[in-house]
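To start, the structure itself, in structure tokens.
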Amino acid sequence: MRNGVNDSRIIYLDNNATTQLSPEVVEVMLPFYNEFYGNPSSLHSFGGSLKSELNKTRESIADLLGARLDLEVYFTSGATESNNAAVRGALLAQPDKKHIVISKVEHESLFQLANQLEKEGVEVSRISVDHSGQLNLEELKDSIRPDTAIVSIMYANNETGVIFPIEKIANIVKEKGVLFHTDAVQAMGKLSIDLKNIPIDLLSASSHKIHGPKGVGILYIRRGTRVQPLILGGEQERGRRGGTENVPAIVGLKKAAELAKTYLREGMSYIQELRDHLEQGINSQIPMAQINGRGTERLPNTTNISFEGIEGEAALLVLSELGVCVSSGSACASGKFEPSHVLRAMGIPDHMGHGSIRFSLGRYNLPEEVDFVIRELPSIVQRLRQMTPSSSKA
Ligand SMILES: Cc1ncc(COP(=O)(O)O)c(C=O)c1O
């Protein structure tokens, strides 16, 4: 038993995909299902008084992001919606501008959106990264044009953990007078963010990545930023996003944000030590294993490792049998696994991309769980290598 959840068989090393709800978060949410089920838009006080709960969450999020403690935070259904709302909202607000800039390593939610926008007549510049996963800032500078509606560059990469120099990027974009959006899903709660001093206009984040509930995200919109709402409907969220608010989840997010703020100060070094221990253990025992993104700044909880001569999915399935949850670096496209666009953009050869595994740690991981993986993985990789004809890996 851990945190009241009977998960003793599970070693959860997939915290960039989602996180375990904190028990404290569940506790604060329950009364808002059982007792205080009103609608914050109601005129009666049973519902209407819930507005203050929403505002308290805005304040906790603003505090976590180093933003002003007023209403610059809007609730969405998750970061996928926030990303769509930011980029489409900026285009809708500037109908004369038909060009956007993103990076080659954005999350699918932005990547797919950009592909769709291209079909709708928007020009997209995709900025490249180097072998370590770092953004080409010169290319970024050169790509911004008078008709650029928005630049959207992620804060930290979900697959490799590589952190972009977001302040530099924001300054480059703002010098050109263009809107700047960042997908900060993997950064919020793992890095100290200072929105008061970094000129970010729009920022997306998600509750379920910081031990909060699924189904709620945020879009931070700096005061005075012109974006059209994506979801029209009621006057919720000051007309920026229609739809009855998910009150229990938003209340849970408040607690999750507070816990994340404390953990950021007091616990992140613990996670980094576990991650570094995992990397050292793997590197010392498994030959031909390469840490992707090593050599540049990375999130303290993430490691993406390519094991030459294996399929990442095969290792993932064997680990899964042992109760260990990780992600592979490939995505299933048209029935076959392709190395992720992120690893390809970094110039990692496909035979290495195919063999990549992402381990993402979290606050509930224990040293003995990491030791278990270090103990089991060498023989798993060795067995898989023996099963793979070497010619097919060339
Ligand atoms: C970098 C990044 N952006 C966006 C998302 C999407 O977030 P959500 O699940 O809240 O829609 C994720 C989730 O994996 C992510 O890692």
* Asked: Take the residues of segment 221-241 that are surrounded by fewer than 16 Cβ atoms within 10 Å (Cβ to Cβ) and touching a helix residue (DSSP H, G or I) at 6+ places or on another chain (Cβ under 8 Å): which is farthest from Glu81 (Cα to Cα)?
  -> Arg226
* within 16 Å of the ligand (Cβ to nearest atom) and touching a helix residue (DSSP H, G or I) at 6+ places or on another chain (Cβ under 7 Å): does that describe Lys56? -> no
* Give the residues of segment 243-281 that are of a type outside the set (A, V, I, L, M, F, W, C), closer than 30 Å to Arg375 by Cβ and crowded, with 21+ Cβ neighbours inside 10 Å, sorted by residue number. => Arg275
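What about Gly133, is it at positive phi, of a type outside the set (Ser, Thr, Tyr) and surrounded by fewer than 23 Cβ atoms within 10 Å (Cβ to Cβ)?
no
Here's the yes/no breakdown for (1) hydrophobic (A, V, I, L, M, F, W, C); (2) surrounded by fewer than 18 Cβ atoms within 10 Å (Cβ to Cβ):
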| residue | (1), (2) |
| --- | --- |
| Ser60 | no, no |
| Glu72 | no, no |
| Thr76 | no, no |
| Thr80 | no, no |
| Asp96 | no, yes |
| Ser103 | no, no |
| Ala114 | yes, no |
| Ser125 | no, no |
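More than 25 Å from Lys190 (Cα to Cα), over 20 Å from the mean Cα position of the chain (by Cα), within 16 Å of the ligand (Cβ to nearest atom) and among the β-branched types (Val, Ile, Thr) - does that describe any residue in segment 235-244?
No - not one qualifying residue is present in segment 235-244.
How about segment 71-160: which helices (runs of 4 or more DSSP H) wholly inside it have at least 1 residues that are more than 19 Å from Val227 (Cβ to Cβ) and within 16 Å of the ligand (Cβ to nearest atom)?
The qualifying helices (runs of 4 or more DSSP H) are 108-119.
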* Could you list, in sequence order, the residues of segment 20-37 that are within 18 Å of Val216 (Cα to Cα) and part of a loop (DSSP other than H, G, I, E, B)? -> Gln20, Leu21, Ser22, Leu30, Tyr37
* Structure fact -> Subset of segment 194-220, residues of a type in the set (Val, Ile, Thr) and crowded, with 23+ Cβ neighbours inside 10 Å, comes to Ile200, Ile210, Val216, Ile218
* To do: Among the numbered conditions (1) closer than 15 Å to Ala62 by Cα; (2) away from the ligand (no atom under 11 Å from the Cβ); (3) modelled with pLDDT of 95 or more; (4) not acidic (Asp, Glu), tell me where Ile218 comes up short.
  => (2)
* Quickly run through segment 181-199 and pick out the residues that are more than 10 Å from the ligand (Cβ to nearest atom), aliphatic (A, V, I, L, M) and either at pLDDT below 95 or assigned to a loop (DSSP other than H, G, I, E, B) (or both). => Ile193, Leu195, Ile198
* Among (1) under 18 Å from the mean Cα position of the chain (by Cα); (2) in the same structural domain as Ser360 (by TED's automatic domain parsing) - the single one Gly212 does not satisfy -> (2)
* Among (1) touching a residue at least 24 places away in the same chain (Cβ under 8 Å); (2) in contact with a strand residue (DSSP E or B) (Cβ under 9 Å, 6 or more places away or on another chain), which single condition is Arg58 missing? -> (1)
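The values are calculated or read from the model by the stated rules, or taken from the named source; none is laboratory data. Since the model is a prediction, treat every value here as computed from it, not as a measurement. No Cβ is skipped: glycine too gets one built from the backbone with ideal geometry, and neighbour counts run over all protein chains shown.
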